[in-house]
Every structure is written in structure tokens, then in C-alpha cells.
Amino acid sequence: MAWPFPRPPSLADLSRRLRKLDRVFDIDKLRAEGLGASEVVSYYEECSPAYRKHHSREGSMHLAISPGRFRPEGFHEQLDRIASCWPAEPPHEVLELGFGQGFNLAYLAPRFPAVRFFGIDLTPNHAELARGRLEQLGASNVVLAQGDFHALPWADASFDHVYAIEAFCYARDLRQALSEVARVLRPGGTFHLFDGYLERRPETFNADEALAAELVAKGVALERFQLVADVVDTGRAVGLECRAVTSLDAEIEPNLRKLERLTGAVIRFPWLGRRALARRSPMRGRNVITGYLMHTTVALGVTVYREIVLQKPA
């Protein structure tokens, strides 16, 4: 599919953006930082209000799938795609990995009152925010847990379906995390993923592409993006067969363009940008980098956005 730009970004555009960022951020310091579970928690605790203010007033923490132009309804598209894959009779138990502020569960639970939904999230204040939201809706078919999806607190074969929307990228041990999903899935159950990835191995990138991929990840408290092939191959190794990999790069472009405009205001005048960022927490300020670069990295195929469906054999 042709990229829907008036003029597709070039490698020269990427280089210019990197130079502008270097005038605002201490790039070398950012690259040297280690990012573990505690940093991920800090990022989301500090950025939750910003997500509400600048990204989604309803509390979505993922990109909108909205071809052509940005529409807030596009934040529901991942969920509609998940539900469309369920058989005529909905599943009995469904688990979300990384439920964030509860946006996804608040959308699905009232629509499927006979389904028991469960969620796990690493960030303590997410559990509080999501519980409050679900209580306001009167959604009694949801059970939330605060914890790490590398060690799920449920028995083997507990769920018919597991999904993660822009959360499984934080798997520090991909094999362990996928093994846990395979363990709690029932035979025939599916694992549905939407996330940013690399499709090319980093050693194939030129210097600017490699730096951009690293910075887009660091901007959202990730050490690095997973490779699509590694997710598929590791899933197969732990007993999850790949059923589909779908590119959604063009479909998220309007949302990326919106984020680029928003963050560009911080980058346009470096001295003003540095002053504005000095008033923010370091974790909150860093997501400006991702918003400013990702439109270009996705257009150039440096980073990609994919829907992946894995299934445990019946």
C-alpha cells in the first residue's frame, strides 16, 4: 500500500529531525539509561494525565486505527478487531495484559456481559483508575490484578482468549512471557497482539535509522522494539502457532501525524523546548521524542505497527 503522504518522508527528513532533537534533549544520556520494570511504572504513573490531556480524553493509551483522517472512534478499532475474531458464541474467560486506565475493558465488558474479563497491569495507579472507571459503569464481570505478566497468577488453561494492545512490547523476557500466555490459554485459545515492532533487523539499518529506532523506543520507556519474526518464532517454540500478521502502518498514520504536530511545537524552537521540558518530569518529557519521530520512522519502514494473532493448538 502506498504511504498516504503528500510527499513521503525521506532519510534526509529523518536526519533533520534527529538533529533538531539533539538540540533539545541530551541524546547520549538518554541512550545510556537502563529501562527496567520500575522505569516502566514511573513512565506510566507520570504520563497518565498527559495521555488524558493530549492523546485521548477517554483514557485510551494506544494508537487509533483510523484510515484517511484521525477519528477518536479509531481507539476502539483494535477491540472491534479482537471481538470480530471470536466465534459466534463469545468466549467464557478473556484476559488483558496491560489494562492501562481501563479503556479497553470498559469498552468490551458492557458489550459482552456473559464474558468474564480479567486484567493484569504492572502500574499500581492503573489498577485504581481502571477500578473506578469500571465501577462507574457498573461492570461486574471484570476482575483486575496488579502484577507482572511474566508470572501470571492464574492456573493453567484458564482463558479462551488473551490480548495485549501496545503492552506486550514491555516483555523483558519474550520466551517467558509467551510461555505464560501459552500456559494460561485453553487448547484452541488465541493471543491477539497490537504493537509497534521492527520488521528489519537493526544491523540492516544505517546509523540514522538505528538511532531513530532506539529513540522511539526509549521515548516510551522501552529498551528496544521486538522483531515481528522473533515474536512469531518464539511463540511457535512455546506452542503458539501464528494465524495472522497484518500491517496497520497506513491505518495509524493520521494519529501519528496528529502526535507529530503536537510534539513539533516543543521541538520547533530549541531554547523554548528545553525550558518547557525542564518543567516536566523526565519520564513525561521523553515521550515527545516518540511523538516527533514515529510518523517518519513508520513511513520509512524503520518501525512498523502490526496485528499478530497466535493460537494454541486444539
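Observations on the structure shown:
- Of the DSSP H helices in the chain, those whose Cα atoms cover at least 24 Å axially and whose Kyte score averages -0.5 or more: 249-267, 282-299
- Set of lysines with alpha-carbon distance to Lys53 below 30 Å, sequence-local pairs under 8 removed: Lys20, Lys29, Lys218, Lys258
- Sorting 55-64, 287-296, 195-204 by their mean Cβ neighbour count within 10 Å, with the most densely packed peptide first, gives 287-296, 55-64, 195-204.
- Neighbour net charge for Pro282 - beta-carbon separation under 12 angstrom, K R +1, D E -1: +2
- Dipole of the chain computed with +1 at Lys/Arg Cβ and -1 at Asp/Glu Cβ about the Cα centre; of Cys242, Pro67, Ala182, farthest Cα towards the positive end is Pro67.
- Full-extension gain in nm, His150 to Ala229, via 0.36 nm per residue minus C-alpha separation: 26.4 nm
- The local environment of Arg81, defined by Cβ-Cβ distances under 11 Å, has a net charge of -4 under the rule Lys, Arg +1 and Asp, Glu -1.
- Computed from the alpha carbon positions, the gyration tensor of the stretch 73-125 leads to an equivalent ellipsoid with semi-axes of 19, 14, 9 Å, biggest first.
- Förster radius 25 Å - calculated FRET efficiency between Asn206 and Lys29 (Cβ-Cβ, nearest 0.05): 0.60
- Projecting label points 7 angstrom from Cα along Cα→Cβ for Glu73 and Arg279 puts them 3.7 nm apart.
- Annotation: amide H-H contacts under 5 Å for Ala145 (H modelled 1.01 Å from N, sequence separation of 5 or more, or interchain): Gly119, Ile120, Asp121.
No lab work stands behind these numbers, since they all come straight from the coordinates. Everything quoted here is computed from the prediction, not taken from an experiment. Using ideal geometry, Cβ is built from the backbone for each residue, glycine included, and neighbour counts are taken over all protein chains shown.
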